Every structure is written in structure tokens, then in C-alpha cells.
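What follows is one structure encoded as C-alpha cells, with my remarks underneath.
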């Protein structure tokens with residue numbers, strides 16, 4: 001699969017602040033998850049942020065759009081999705097953000113020398129964000145090959161991605177990830193001894209509903225205990241409109257945490 | 001230390017539905033935590049509930065007051081606190097609840113034959129609730145000996161208590177515990193392979209504040225994934241009054257989960 005204009009849709013994010021070239025059919029399309037992940041980055045962040053498993057670049061560009069002193073390294077394994085990221089960075093409307101971004105085609109789950117040879121060097125970034133693929137296959141079949149690659153979580157994949165993040169961030173660097181609540185135990189185990197000062201932010205579709213996502217942020221090497229933050233609620237109890245907080249977060253106007 | 005009327009205060013719970021004889025000075029005094037833990041029990045629960053580390057019996061009696069088909073076994077290691085539980089059960093005002101309650105002086109952290117010889121038999125209860133002691137010593141000194149016993153969490157204590165709960169509940173029996181959010185990783189690890197279908201309920205003092213407690217409930221032997229429930233918020237954003245939900249839960253008028 002190659003990315004051409006005919007196959008791509010050009011979608012506006014952050015109220016037109018930037019655009020993503022995304023596969024029109026199949027493949028992983030960025031949305032709320034990428035925007036909420038990017039919102040975990042403090043607004044005053046400056047330095048190099050790695051967007052691990054970037055897809056078309058949604059989370060990485062959302063960081064660049066809100067954090068004007070940030071640079072981003074998009075890391076994507078799938079050549080077809082990396083091609084969409086390349087299209088995204090080539091869009092005229094993204095020129096100012098793309099000047100602070102670069103793309104690396106590499107597999108985040110590599111370790112040791114293989115990881116370093118793929119371009120993911122030790123202590124090379126200030127922050128790593130990730131929206132790791134998760135196993136939707138148990139819930140419903142996803143026949144499309146690319147979509148499957150983005151959603152089917154191998155056993156231990158979360159641990160491998162967090163291990164890579166721990167290797168590539170500088171001392172006292174930051175990690176942030178978005179995942180499903182049922183992965184929380186695996187996430188906390190993988191963070192142990194690598195990242196501390198964890199902030200866990202539950203995300204609920206409505207005020208009374210169970211959480212559908214958690215965002216977890218941590219500091220490399222910190223020993224401070226975990227905190228469970230007040231949740232983000234996406235929609236009001238009645239109707240489908242976003243809450244004011246969710247609207248601000250998804251449009252790059254607010255941080256997910258009180259920084 | 002022996003419990004006499006001179007040392008005890010008699011405190012009303014559930015708007016006078018029952019009373020606790022508690023140490024006036026020092027020792028662990030039951031309060032919100034015990035009431036929120038008891039609220040994790042479904043209102044239609046019937047059978048035998050073990051209140052592990054019961055102190056004066058607050059959580060156990062709160063279960064009896066709301067679940068009219070329930071019986072309770074209060075399990076307390078400290079003889080001085082067990083004496084307060086005995087006083088509680090002897091109070092005239094508690095006579096109807098006390099008829100469904102018994103007391104066992106035993107150490108919840110025992111294992112194997114020692115546990116069984118202490119009176120905690122395998123598959124003997126339908127439900128186990130616990131408010132395990134936690135380490136407040138790191139935050140502030142607690143010079144009083146009894147209070148220290150109730151609050152200082154040994155390394156691995158949570159794991160030992162959850163192991164005991166797994167041993168004493170019947171197949172598909174229930175566990176519920178209340179703990180601090182920073183213990184969540186240890187709790188999830190100790191639950192793994194023992195209890196599934198975990199429901200995690202964060203408890204926040206105010207809508208925008210970090211959680212101060214989590215209540216975790218699970219089913220013995222279940223493999224269903226964890227759920228992260230909508231939080232309980234104790235106080236309105238302004239002022240010190242309880243939210244309607246917190247008031248109902250602390251007074252035995254509602255369950256913590258939607259059962």
C-alpha cells in the first residue's frame with residue numbers, strides 16, 4: 001500500500017491549527033485518543049518529544065501545535081502509515097509545525113542494539129508519548145490488515161514499549177501513554193522501577209459510565225507514589241455534546257493535568 | 001489495655017441505625033472508610049460476610065444494617081480492639097444486628113494450617129471485606145501504639161490479606177477492600193489469578209482533587225477484565241457539605257456500585 005492523494009483524507013485538528021493526511025479506508029485514523037494523549041504534555045514543555053507508534057502523526061503534531069518550544073520525532077513501524085505521516089509533514093498548511101518535526105521508520109518494540117541501530121538511541125529524547133495498539137480482536141473482528149496492525153496488542157507489547165521509552169528518555173524524562181483501563185495492572189507493573197510519580201487520569205464517556213481510557217504519565221527514575229487524578233468526562237450526562245473540559249483538551253487549549 | 005465504658009465512646013452510624021463502642025483516645029476509630037467499604041456490598045447480599053481486621057466492627061455492622069439477610073464474622077487480631085468489638089456487639093441498641101454477628105480474634109495475615117487453626121477455614125464465607133492497615137508512618141508519626149498497629153502496613157501485608165480472603169471465600173465468592181490509590185498496583189498484582197471482574201471505584205474529596213481512596217471489588221476465580229468505575233466525590237466543590245451520593249453511601253442508603 002502506498003499513500004497517494006486519492007487514498008488519503010486531509011482532516012483538520014485543533015480547529016484547523018494543523019491537518020493530518022490519513023488513510024481514507026482502513027488503517028488507523030487518529031482521533032480523540034491522540035488528542036488526549038498529547039494533552040498530557042505540560043503546556044510549557046520544551047525539548048524533543050518522541051511519538052512512539054505515531055501513525056499519521058496526530059499526537060506528535062498536537063504537541064507541536066500547543067507547545068511552541070517543542071520538537072517532535074514521529075516513530076512508526078508500518079511503512080504504509082509512515083507514508084501518511086510523511087504526507088502529513090509535507091502539507092503546506094503544516095509547514096510551521098513540520099519544521100520542528102522529523103520521522104523515523106522503526107519498530108518501537110525493538111530492544112538493545114537492534115533498537116539503537118533502528119535509530120532509537122539511549123537518552124536521546126526529553127519525553128515519550130505512546131498510544132500502543134491494543135487487542136480489539138477479542139471484541140470484534142477487524143478484517144483490514146493495517147487497522148489490525150494498529151489495534152492488535154501482542155502479549156507483553158505494552159511492557160516492551162514502556163521499556164523502550166525508559167531507554168530513550170533522558171534522566172528525569174517524561175513518559176505519557178493512553179490505554180484501556182483493563183491494561184492498568186500491566187502498565188503499572190511495566191512502569192515499576194522505570195518511571196515514578198505516576199499520574200493516572202481516567203477518561204469516562206459520561207459522568208456515570210465506567211472509564212474507557214486511562215492516560216498515565218510518569219517521570220523517569222522518580223520514586224514518588226502514584227496519584228489518581230480527577231477524571232476527564234467527555235460528554236454531558238444528556239445529549240452528545242462535549243463537556244467544556246473535553247472540548248478544550250481535544251482542541252489543544254488545555255492540559256490534561258494541572259501542571 | 002482493656003476496654004471499659006470509661007475509655008469508650010459510643011458513636012452513632014447510619015443515622016442511629018447502629019452504634020460502635022470505640023476507643024476514646026488512640027486506637028483506630030471507624031469512620032468514612034468503613035462505611036464506604038461496607039457500601040461495596042450489594043444491597044441484596046445474603047450469606048456470611050467476613051470483616052477482616054474489623055476493629056470495633058464498623059464495616060461489618062454497616063453491612064448487617066443494610067443487608068438484612070447477611071451475617072457477619074468480625075475478625076480482629078488486636079485483643080484491645082477485639083474488646084471494643086465485643087462491647088459493640090453487647091450494646092442493647094445493636095441487639096438485632098448483633099444476633100447476626102460473631103467475633104473471631106485472629107490474625108488475618110496467617111497462612112495455611114496456622115490460619116485454619118486460628119478459625120479462618122477454607123471456603124467458609126461468601127464475602128470478605130477489608131480495610132487493611134496502611135503506612136501512615138511515612139507521612140506523620142503516630143506515637144500511639146494501637147493506632148500504629150492499625151495504620152502501619154508491613155511490606156507485603158496487602159498481598160497476605162488478599163491471599164487469606166481468596167482462601168476463605170467460597171468459589172465465586174466476593175472480595176471488597178478499601179485502600180490508598182498508591183497501593184493500586186500492589187492490589188492488582190495480589191488479585192491476579194485469585195479474583196477477577198475487578199471493579200475499581202476512586203474516591204475523591206472534591207470534584208477536582210486527586211483520589212484519596214480506592215475501593216476494589218472482585219469475584220473469586222473470574223477472568224473478566226477490570227473496570228474503572230465513575231468516582232465517588234465526597235464534598236461539593238465549595239463548602240464542606242457532603243454530596244448527596246456520599247451522604248447516601250455513608251448512611252447505608254446506597255451501594256457504591258450499580259448492582
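Picking from B:211, B:50, B:59, which is most flexible by a Gaussian network model of chain B using Cα springs under 10 Å?
Maximum fluctuation in the GNM of chain B, among the listed residues, is at B:211.
Between the label point of residue A:31 and that of the same position in each other copy, find the distances and list them shortest first in nm, with every label point placed 7 Å from Cα along the Cα-to-C-beta direction.
Going from nearest to farthest copy, the values are 4.5 nm.
Taking each label point as 7 Å beyond Cα in the direction of the beta carbon, state the distances from residue A:248 to the same residue in the other copies, shortest first, in nm.
Here the equivalent label points are 2.9 nm apart from this one.
Along the three principal axes, how long is chain A when you take its alpha carbons, biggest first, rounded to the nearest angstrom?
On the principal axes, chain A reaches 52, 48, 40 Å in Cα extent.
For the protein assembly as shown, build the convex hull from the C-alpha positions and give me its volume per residue in Å³.
Values: hull volume 81.3 nm³, N = 518.
Spread over its residues, the Cα hull of the protein assembly as shown gives 157 Å³ apiece.
Work the Kirkwood hydrodynamic radius out for region A:1-96: mean of 1/r over every pair of different alpha-carbon atoms, inverted, in Å.
Details: mean 1/r = 0.0759 Å⁻¹.
The answer is 13.2 Å.
Can you list the copy-to-copy distances for residue B:79, using a point 7 angstrom from Cα toward Cβ, in nanometres, shortest first?
The answer, with the shortest distance listed first, is 7.8 nm.
Based on the Cβ-Cβ distance from residue A:248 to residue B:209, what FRET efficiency comes out when R0 is 30 Å, to the nearest 0.05? Before the final figure, lay out the partial values.
On the way: r = 20 Å, r/R0 = 0.65.
Once rounded, the FRET efficiency stands at 0.95.
Using r as the Cβ-Cβ distance of residue B:222 and residue A:91, and R0 as 35 Å, what FRET efficiency do you calculate, to the nearest 0.05? Kindly include the intermediate steps, with their values, before the conclusion.
On the way: r = 49 Å, r/R0 = 1.39.
So, using R0 = 35 Å, E works out to roughly 0.10.
Let me check against my output: what whole-number percent is the relative contact order of region B:11-133, with C-alpha pairs under 8 Å and at least 6 apart?
Working: 226 pairs, mean separation 35.0, N = 123.
For region B:11-133, the relative contact order is 28 percent.
Of all DSSP beta bridges in chain B, what percent run antiparallel (nearest 5)? Spell out each step's value before the answer.
Details: 20 of 45 bridges.
Antiparallel bridges: around 45 percent, rounded to the nearest 5.
Since every read-out is calculated from the coordinates, none of them should be taken as a lab result. Everything quoted here is computed from the prediction, not taken from an experiment. Cβ atoms come from the backbone with ideal geometry, glycine included; neighbour counts cover every protein chain shown.
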